[in-house]
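Chemist: One structure coming up, written as structure tokens, with questions to follow.
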Amino acid sequence: MRYIGKDVAAQYVEGWDWMAPIRDRNTGIWDEVSISRTGPVKIIDPHLVSTFFDDYKRVYLHATLEMQNKSSWVADCSVNVQVTTELEGNICLVEHIQSQKVSVPAGSTIQYTFPQLYFYKPNLWWPNGMGKQSLYNVVISIDVDGFGESDSWNHHFGFRKIESDIDTATGGRLFKVNGQPIFIRGGNWILSDGLLRLSEKRYHTDIKFHADMNFNMIRCWGGGLAERPEFYHYCDTYGLLVWQEFWITGDVDGRGVPVSNPNGPLDHDLFLLCARDTVKLLRNHPSLALWVGGNEQVPPPDINAALKKDLELHPHFQTSSENEKWMVDSSSESEDPSQYLDGTRIYVQGSMWDGFANGKGDFTDGPYEIQYPENFFKDDFYKYGFNPEVGSIGMPVAATIRATMPSEGWEIPLVKKLPAGYVEEVPNPIWDYHKYIPYSKPHKVQSQIELYGSPKDLDDFCLKAQLANYIQYRALIEGWNCRMWKKYTGFLIWKTQNPWTGLRGQFYDHLLDQTAGFFGCRCAAEPIHVQLNLSTCCIEVVNTMSDDISGVAIEASVWDLEGTCPYFKVFEKLSLPPKQTSSIVEMEYPKSKDSKPVYFLLLKLYNVSNYGIISRNFYWLHQSGGDYKQLEPYRKSNIPIQVTSQVIIKGSTYEVRVNVQNKSKNAESSSLTYKNNFINRQGEGDPDSNSLPLENKEQTDKKRSTGFFHRICRRIVTGSNSPRLVETNGNAVGVAFFLHFSVHSSKAEGKEGEDTRILPVHYSDNYFSLVPGEAMPIKISFEAPPGVAPKITLHGWNLSHGLTVC
């Protein structure tokens, strides 16, 4: 039983700014229903809790369950628990086995707590970007004498401890995992689908997308629902901490048209019953970080008081003094933490209370609209330590507009000219219905699309929107990065996705195609990140990790539209302290007398010992008060591009390894660390593990033409083991700008205007740029429908025609 309100879709939705009404969407049976058969004794709601001692060396697993005997005789049972961990090759290592004798009276239900299980230095579960997501499988079974196995239950479990308090330095909510502070960079989640078409496959894509953006928290917003267990399983798998909100929002506070019930849910007892049921459903997931009473408000007093009591913390998870007291008397069975409803996670009464926003419940989250990128870095942008909702634009690519809207919806906004260079956008009615957010703000923010010149059509508008998306969201995160722990403890972007075909606040659309903002976030939220402070022009390095970094250097190179490099500096012998953003040096080029109106900046943080790149960040910039209109004629530059690709096919799954190189040459490119020799991240085998071997320039140029990746694999088209090499015949010298891949069906026949994209696709990077001589490895993975031959195409700002890669 999971409560999501009388009619969630009707929640004051006439006043909502993100979704059109979907009436009666949760009427009837909308979730999965299953029937299972057990023996005489049934397992009910096991609760697993881990406690930690001696700096996480000594760990105890606690387990409590209810046993229900439906028979008319006393059931003598063996209650068993087994803990295993999976090794390579689907081999499981048994860590613990325990069996206890228990008698359950006829027709009764009893609570049983296992003797605690001891582990020495188990593998810990960490959030995304901090370490591995180590999971153990816990199996509890009951054997009844004279019957055999009566019931069994299993669940993945992670050893980790989450602590949270209000940070004294910033006033923001501070989270620690396994004793380490974690700077929260995440997003708000509405729900998977507005019509509740929930599936494990989509959940997997959704959560992997969030991990690919380097986020570490996802907020299940109170206007949605408690998602299916598969959602939380993938959060466990990919390291996304979950902020779980109960169902208190604008449908229960007297707002909306028609006016909603002002005293919260209509049935308070039913609400609390469902809340407790939800806690039991989710409490064993290591990703679950906290409970929150409501969205921008608190529950009615009786519900709030009950939730506070129900979710009281066990002493081990309270203050250090209470923890030490419990350690002395931890043998007391009544104090076992697994006997609590939860006992391990904090309860915060509302999303703007107790360390969130101003902490007092005032509407101090936001803003939710386009900003000048440099504003995110200014000290007065946001006052409080943790912002639970900050949002902006979210225009998808043109193909999504055509796939989801009639031709009337393909018209781009009309532009009304205003004084001082400002404009007002007037979207077509279909875009207005789909909650389009403008890329300009009259009298406050000039159009971030018109900066590139007036768009000619839908394709031009959406491409320029992607440029703005990338800049906007990278700047948002980098602005928070620059004041990490000094002013901020975290933020959540409103929002990461849409449960319908909306046109705002999203990093991938409802068809699961990413916007460029997705990759702007991915860049800015790296655990170790080099960035440019757009307000001060200082180069900074963000180190969110627990260890300092030494033996590294930063390469900064400026490239103009003629393909020359007027500025090149290397800053060596750097030492970067942990959990800190370090200001390295002010960029001199923007203030120099010879600086260009529009230019490119490439920053690379790398290991001095082997030139292994830890972080790479590419900017396109204009002088203060300027624009990007010089990029319009730059489209005609014919930059030579070479692409080497190989494919591994496993059933319907394709994994494509691609190497893209800008083949244009100039005097400077031979002296730069132009090869992107990426460093593997600890515990990650997917996004950034496409490492190039470090070779000298002559060796690299020879090998790229013959066999960049030496693996047994097949080409998509021919099934050959050979790599494929394609290239353009350009002769210009310059930056290959805003390159991006797409995957389509290559079938010859199809309806005119048909959407041929294969979605979803996971890219290790996309919407990237390459300076002369530079190469970048990209990993592309997707599943192709039966009978469909995929075609991968590379597009670019100054790539006149799409280049078919394979």
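Chemist: So how many residues does region 611-627 have that are open to solvent by less than 60 Å² (accessible area, probe 1.4 Å), under 18 Å from L672 (Cβ atoms) and assigned to a loop (DSSP other than H, G, I, E, B)?
Modeler: So the answer is 1.
Chemist: Consider Y136 carefully, then state whether it is among the hydroxyl-bearing types (S, T, Y) and out of contact with any Asp or Glu (no Cβ under 6 Å at 6 or more places or on another chain).
Modeler: Values: among the hydroxyl-bearing types (S, T, Y): yes; out of contact with any Asp or Glu (no Cβ under 6 Å at 6 or more places or on another chain): yes.
When the stated conditions are applied, Y136 passes them.
Chemist: Determine whether region 449-456 contains at least one residue that is open to solvent by less than 10 Å² (accessible area, probe 1.4 Å) and over 22 Å from D380 (Cα atoms).
Modeler: yes
Chemist: Just give me the residues in region 515-550 being open to solvent by 10 Å² or more (accessible area, probe 1.4 Å), under 30 Å from T756 (Cα atoms) and in contact with a strand residue (DSSP E or B) (Cβ under 7 Å, 6 or more places away or on another chain), in sequence order.
Modeler: C523
Chemist: Continuing with this model, one more query. Name, by its number, the condition in (1) in a helix (DSSP H, G or I); (2) not assigned by the TED database to the domain that holds I22 that does not hold for I412.
Modeler: (1)
Chemist: Got a number for residues in region 415-439 being in a helix (DSSP H, G or I) and at positive phi? Give the derivation first.
Modeler: From region 415-439, those in a helix (DSSP H, G or I) are 419-421, 429-433; that's our starting set.
The next check asks that each one be at positive phi; those that pass are 420-421.
Here the count works out to 2.
Chemist: Right, next: Only one of (1) open to solvent by 20 Å² or more (accessible area, probe 1.4 Å); (2) touching a Leu at 6+ places or on another chain (Cβ under 8 Å); (3) modelled with pLDDT under 95; (4) of a type in the set (V, I, T) is not met by I44, so which one is it?
Modeler: That leaves (3) as the condition not met.
Chemist: Now, a different point. Give the residues of region 307-331 that are in contact with a Phe, Trp or Tyr (Cβ under 9 Å, 6 or more places away or on another chain), open to solvent by less than 70 Å² (accessible area, probe 1.4 Å) and either modelled with pLDDT of 60 or more or not in a helix (DSSP H, G or I) (or both), sorted by residue number.
Modeler: If the condition is that a residue be in contact with a Phe, Trp or Tyr (Cβ under 9 Å, 6 or more places away or on another chain), open to solvent by less than 70 Å² (accessible area, probe 1.4 Å) and either modelled with pLDDT of 60 or more or not in a helix (DSSP H, G or I) (or both), then L307, D310, L311, L313, H314, P315, H316, S330 are the ones that fit.
Conditions tested, residue by residue: (1) open to solvent by 10 Å² or more (accessible area, probe 1.4 Å); (2) under 30 Å from F53 (Cα atoms).
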position	(1), (2)
D167	yes, yes
T170	yes, yes
F175	no, yes
Q180	yes, yes
S192	no, no
H204	yes, no
K208	yes, no
G223	no, no
E245	no, no
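Chemist: Tell me, yes or no, whether region 555-575 has at least one residue that is at pLDDT 95 or above, within 27 Å of the chain's Cα centre (by Cα) and assigned to a strand (DSSP E or B).
Modeler: no
Chemist: State which residue is most open to solvent (accessible area, probe 1.4 Å) when the search covers only region 283-306 and only residues that are farther than 30 Å from N137 by Cβ and assigned to a loop (DSSP other than H, G, I, E, B). So that I can check it myself, show each step before the final result.
Modeler: Residues of region 283-306 that are farther than 30 Å from N137 by Cβ, as a first pass: 293-306.
Then keep just the ones that are assigned to a loop (DSSP other than H, G, I, E, B); that gives 293-300.
Working: G293: 0, G294: 0, N295: 3, E296: 27, Q297: 26, V298: 48, P299: 5, P300: 15 Å².
The residue in question is V298.
Chemist: Open to solvent by less than 40 Å² (accessible area, probe 1.4 Å), over 30 Å from I477 (Cα atoms) and outside any loop (DSSP other than H, G, I, E, B): does that describe G343? Show your work before the answer.
Modeler: Working: open to solvent by less than 40 Å² (accessible area, probe 1.4 Å): yes; over 30 Å from I477 (Cα atoms): yes; outside any loop (DSSP other than H, G, I, E, B): no.
In short, no.
Chemist: Continuing with the same structure: Would you check which residues across region 110-124 are out of contact with any Leu (no Cβ under 7 Å at 6 or more places or on another chain), in contact (Cβ under 8 Å) with a residue 24 or more places away in the chain and open to solvent by less than 70 Å² (accessible area, probe 1.4 Å) and list them? Write out each step before concluding.
Modeler: Let us first name the residues in region 110-124 that are out of contact with any Leu (no Cβ under 7 Å at 6 or more places or on another chain), namely 110-111, 113-115, 118, 120-124.
Filter once more, so that each one left must be in contact (Cβ under 8 Å) with a residue 24 or more places away in the chain: 110-111, 113-114, 118, 120-124.
Result: I110, T113, F114, P122, L124.
Chemist: Give the residues of region 469-514 that are in a loop (DSSP other than H, G, I, E, B) and open to solvent by 10 Å² or more (accessible area, probe 1.4 Å), sorted by residue number. So that I can check it myself, show each step before the final result.
Modeler: Restricting attention to region 469-514, the residues satisfying the condition of being in a loop (DSSP other than H, G, I, E, B) are 482-483, 485-487, 489, 495-507, 509-513.
Those that are in a loop (DSSP other than H, G, I, E, B) and open to solvent by 10 Å² or more (accessible area, probe 1.4 Å): C482, R483, W485, K486, K487, W500, T501, R504, H510, L511, L512, D513.
Chemist: OK, next. Based on this model, can you work out whether P578 counts as touching a Cys at 6+ places or on another chain (Cβ under 8 Å) and either aliphatic (A, V, I, L, M) or not in a strand (DSSP E or B) (or both)? Working first, answer last.
Modeler: Numbers: touching a Cys at 6+ places or on another chain (Cβ under 8 Å): no; either aliphatic (A, V, I, L, M) or not in a strand (DSSP E or B) (or both): yes.
In short, no.
Chemist: Continuing with this model, one more query. May I ask you to verify whether S637 is at negative phi, touching a Phe, Trp or Tyr at 6+ places or on another chain (Cβ under 9 Å) and not in a strand (DSSP E or B)?
Modeler: Details: at negative phi: yes; touching a Phe, Trp or Tyr at 6+ places or on another chain (Cβ under 9 Å): yes; not in a strand (DSSP E or B): yes.
Criteria met by S637.
Chemist: One residue is enough: does region 697-714 have a residue meeting the conditions modelled with pLDDT under 95, of a type outside the set (S, T, Y) and under 27 Å from the mean Cα position of the chain (by Cα)?
Modeler: Here is the first cut: in region 697-714, the ones modelled with pLDDT under 95 are 697-714.
Subset that is of a type outside the set (S, T, Y): 697-699, 701-704, 707-714.
Next, only the ones that are under 27 Å from the mean Cα position of the chain (by Cα) stay: none.
So far as region 697-714 goes, no, none of its residues is modelled with pLDDT under 95, of a type outside the set (S, T, Y) and under 27 Å from the mean Cα position of the chain (by Cα).
Chemist: Restricting region 585-606 to residues that are modelled with pLDDT under 95 and open to solvent by 40 Å² or more (accessible area, probe 1.4 Å), which is nearest to F768 (Cα to Cα)?
Modeler: My answer is E588.
Chemist: Something else about it: Considering only residues of region 195-235 that are within 12 Å of the chain's Cα centre (by Cα) and among the basic types (K, R), which is farthest from I29 (Cα to Cα)?
Modeler: The selected residue is K208.
Chemist: Continuing with this model, one more query. Suppose we filter region 35-78 for residues that are more than 31 Å from the chain's Cα centre (by Cα), in a loop (DSSP other than H, G, I, E, B) and among the hydroxyl-bearing types (S, T, Y); how many remain?
Modeler: The number of residues fulfilling the criteria is 4.
The values are calculated or read from the model by the stated rules, or taken from the named source; none is laboratory data. Quick caveat: nothing in here was measured; it's all calculated off a predicted structure. Neighbour counts are summed over all protein chains in view; Cβ atoms, including those assigned to glycine, are modelled from backbone coordinates with ideal geometry. Each accessible area value is taken on the protein alone, full model and side chains, heavy atoms only, with ligands, DNA and RNA left out. Shrake-Rupley method; radii C 1.70, N 1.55, O 1.52, S 1.80 Å.
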